[in-house]
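K.L.:
Quick one: this structure, given as structure tokens, is what I'll be asking you about.
The values are calculated or read from the model by the stated rules, or taken from the named source; none is laboratory data. Because the structure is predicted, anything quoted here is derived from the model rather than measured. So basically every Cβ, Gly included, is an ideal-geometry build from the backbone, and we count neighbours across all protein chains shown. These area figures cover heavy atoms from the full protein model, side chains too; ligands, DNA and RNA do not enter into them. Shrake-Rupley method; radii C 1.70, N 1.55, O 1.52, S 1.80 Å.
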Amino acid sequence: MLPDDLFRTVPALRTDRLDLVPLGPEHLEGTLALLSDPEALRLTGTRQSFSREAVIAWLGSLSAQHDRADWAVIRREDGAHIGEVVLNDVSPEDETTGFRIALSIEHAGKGYGTETTRAVVAFALEAGLHRVELEVYAFNPRAVRAYEKAGFVVEGRRRDALLWEGERVDAIMMAVVADG
Ligand SMILES: CC(C)(COP(=O)(O)OP(=O)(O)OC[C@H]1O[C@@H](n2cnc3c(N)ncnc32)[C@H](O)[C@@H]1OP(=O)(O)O)[C@@H](O)C(=O)NCCC(=O)NCCS
């Protein structure tokens with residue numbers, strides 16, 4: 001069994017073009033921008049709206065949350081904060097974790113999502129996690145493709161899991177397992 005505080009320290013991760021740095025209060029403006037991006041909200045099925053105060057409190061709380069690892073995705077060439085990625089819903093007993101990512105739409109389709117996902121999955125497996133899982137809505141084939149490129153496999157489908165503006169949408173379940 002893995003420790004409950006698996007993510008007591010979250011390391012920065014580096015890819016060819018990106019720095020993934022632990023998400024914190026210094027990422028307020030970028031986080032607010034992401035949370036006001038209607039297309040990113042739709043693609044993640046996010047209905048909730050977040051006040052500036054709530055986001056400040058959330059970012060300030062992350063360093064004390066040792067059961068999840070959140071990173072800001074920073075483009076190295078210009079320092080732009082282009083998104084965020086997280087390992088959450090960790091089960092130390094089962095050695096499994098959830099995965100979520102959101103880039104701002106203006107930065108989508110340039111390979112950054114695949115690059116980020118590969119790095120975070122590699123980190124998770126190196127940390128001793130056996131399984132990394134996610135759900136993605138069927139109206140998001142770009143995300144499905146990026147996840148497949150990063151090693152995720154489709155395992156199933158929760159039919160009509162989301163009702164978004166009158167349309168029912170399936171949720172596709174995908175996962176990577178360590179020796180799969
Ligand atoms: C999902 C997300 C992380 C993917 O990252 P990305 O940088 O945009 O994706 P990439 O450029 O790495 O890869 C996209 C792939 O999908 C393909 N693609 C793009 N649009 C597609 C479509 N409509 N149908 C099928 N494939 C598509 C691209 O061609 C590319 O594959 P290829 O390299 O084989 O050509 C990013 O778009 C994002 O954060 N979007 C907003 C929020 C979101 O959707 N989050 C995920 C919720 S589960």
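K.L.:
Provide the gained length on full extension for the span V144 to A64, in nm with one decimal, where the gain is 0.36 nm per separating residue minus the Cα-Cα distance.
P.N.:
25.6 nm
K.L.:
Can I ask one more? Would you calculate the separation in nanometres between label points at K110 and I56, each defined as 7 Å from the Cα along the Cα-to-beta-carbon direction?
P.N.:
Roughly 3.1 nm, to one decimal.
K.L.:
Taking each pair of distinct Cα atoms in the range 89-141 once, what is the resulting Kirkwood hydrodynamic radius in Å?
P.N.:
Result for the range 89-141, one decimal place: 12.4 Å.
K.L.:
In deg cm²/dmol, rounded to 500, what helix-only [θ] at 222 nm does the chain give when every DSSP H run of at least 4 residues adds -39500 (n - 2.57) and the total is split over its residues?
P.N.:
Theoretical 222 nm ellipticity from helices: -7500 deg cm²/dmol.
K.L.:
Which value in nm describes the separation of the simple spin-label points at L41 and S91, placed 7 Å from the Cα toward the beta carbon?
P.N.:
3.2 nm
K.L.:
Kindly state, as a whole number, the per residue volume in cubic angstrom of the convex hull around the alpha carbon atoms of the chain.
P.N.:
114 Å³
K.L.:
Same structure, new question: Please report the base-10 log of the normalised intensity I(q)/I(0) for the range 37-113, using a Debye sum with one equal scatterer per alpha carbon and no solvent, at each q in 0.13, 0.25 (1/Å).
P.N.:
-0.49, -1.33
K.L.:
What number comes out for accessible area per residue over the range 25-180 if the probe is 1.4 Å? Units Å², please.
P.N.:
Per-residue value: 51 Å².
K.L.:
While we're here: For E77 and V154, calculate 0.36 nm times their separation in residues minus their Cα-Cα distance, and state this gained length in nm to one decimal.
P.N.:
24.4 nm
K.L.:
Compute the distance from the alpha-carbon center of the range 125-156 to that of the range 1-34, in whole Å.
P.N.:
19 Å
K.L.:
Turning to a different aspect of this structure: Using label points projected 7 Å from each Cα along Cα→Cβ, tell me how many nm separate E165 and L28, to one decimal.
P.N.:
3.2 nm
K.L.:
Now for a separate question. Once fully extended, how much extra length lies between V177 and A127, figured as 0.36 nm per residue of separation less the alpha-carbon to alpha-carbon distance?
P.N.:
Roughly 16.7 nm would be gained on extension.
K.L.:
Let me know the volume per residue of the alpha-carbon convex hull for the range 1-74, in Å³.
P.N.:
Value for the range 1-74: 130 Å³ per residue.
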